[in-house]
Amino acid sequence: MTEEMTYESAFAELDKIYQEINNEEVSVDLLAEKVKRAAVLIEFCQTRLRSTEDEVNKIIASMPGKVD
C-alpha cells in the first residue's frame with residue numbers, strides 16, 4: 001500500500017471482506033487469503049483503538065479540575 005493505512009480505511013476493507021464472505025462471493029481458493037488479510041486488519045484496528053484510548057485517557061488525566 002503506497003499510502004498509510006487509517007483506521008477508517010482498514011475498517012472499510014474489513015467490512016468489504018466480511019460482506020464478501022457473508023454473501024458467499026469468495027471462492028474457496030481465495031478464502032484463506034481473505035481471512036488472513038482480515039486478521040491483519042483486525043489487529044491494526046485493535047491497536048489503533050487502544051492507542052487512541054490511551055492518548056485520550058492521558059489528555060483527560062492532565063486536565064485541571066478533572067472529576068474522578
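The values are calculated or read from the model by the stated rules, or taken from the named source; none is laboratory data. Everything numeric in this text was worked out from a predicted model, so none of it was measured. As a convention, Cβ positions derive from the backbone with ideal geometry for all residues, glycine included, and neighbour counts pool all protein chains shown.
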Pairs returned, first residue in segment 52-63 that is surrounded by 10 or more Cβ atoms within 10 Å (Cβ to Cβ), second residue that is not in a helix (DSSP H, G or I), beta-carbon separation under 9 angstrom, 6 or more apart or interchain, are I60/K66
Any chance you could count how many residues in segment 24-41 are more than 10 Å from the chain's Cα centre (by Cα) and either part of a helix (DSSP H, G or I) or at pLDDT 95 or above (or both)? 10
